[in-house]
1. When only residues in the stretch 40-52 that are among the polar types (S, T, N, Q) and touching a strand residue (DSSP E or B) at 6+ places or on another chain (Cβ under 9 Å) count, which is surrounded by the fewest Cβ atoms within 10 Å (Cβ to Cβ)?
2. Can you name the condition, by its number, that H57 falls short on among (1) surrounded by 10 or more Cβ atoms within 10 Å (Cβ to Cβ); (2) under 16 Å from E19 (Cβ atoms)?
3. Criterion first (modelled with pLDDT of 95 or more and either touching a strand residue (DSSP E or B) at 6+ places or on another chain (Cβ under 7 Å) or not aliphatic (A, V, I, L, M) (or both)) does H32 satisfy it?
4. Evaluate the following for W53: is it at positive phi and not polar (S, T, N, Q)?
5. Here are some conditions: (1) part of a helix (DSSP H, G or I); (2) modelled with pLDDT under 95. A61 meets all but one. Which one does it not meet?
6. Tally time: how many residues in the stretch 2-26 are exposed (fewer than 14 other Cβ atoms within 10 Å of the Cβ) and outside any helix (DSSP H, G or I)?
7. For the stretch 27-39, state whether one or more residues are surrounded by 10 or more Cβ atoms within 10 Å (Cβ to Cβ) and either on the phi > 0 side of the Ramachandran plot or more than 13 Å from the chain's Cα centre (by Cα) (or both).
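The values are calculated or read from the model by the stated rules, or taken from the named source; none is laboratory data. The structure presented is a predicted model; accordingly, all values stated were derived computationally and were not measured. Positions of Cβ are generated from backbone atoms using ideal geometry, with glycine treated the same way; all protein chains shown enter the neighbour counts.
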Amino acid sequence: MGAKTEIEKLDLQNITCREALKAVAKIIHTLHDEGKDKPFELELSWLCAESNWAHAHLPAALKEEVEAAAKKDIEDAEMEDDDDDEDE
């Protein structure tokens, strides 16, 4: 339920499909509890101008790029949180 709420907050009318994919990947990875949940493989598909308006799985290279960017954003945010905690 948390993922749906976070996705609904995205301004999908004003971001590209690639930006949306990165945001969704970040949401899914953020909400996944590695200690409690089973490992998972994120599957992404799209329907946009880049896919010629046909529903299709993301090309493997793009999937890796999107997932790596999402994970990096999460790590960067965690590092910022750690820095904020040390300043207090």
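1. Applying the filter and picking the extreme gives S45.
2. Only one criterion in (1) surrounded by 10 or more Cβ atoms within 10 Å (Cβ to Cβ); (2) under 16 Å from E19 (Cβ atoms) is unmet by H57, namely (2).
3. Answer is no for this residue.
4. Here the answer is yes, as W53 does meet what is asked.
5. Against the list (1) part of a helix (DSSP H, G or I); (2) modelled with pLDDT under 95, A61 comes up short only on (2).
6. So the answer is 3.
7. Taking every residue of the stretch 27-39 in turn, none turns out to be surrounded by 10 or more Cβ atoms within 10 Å (Cβ to Cβ) and either on the phi > 0 side of the Ramachandran plot or more than 13 Å from the chain's Cα centre (by Cα) (or both).
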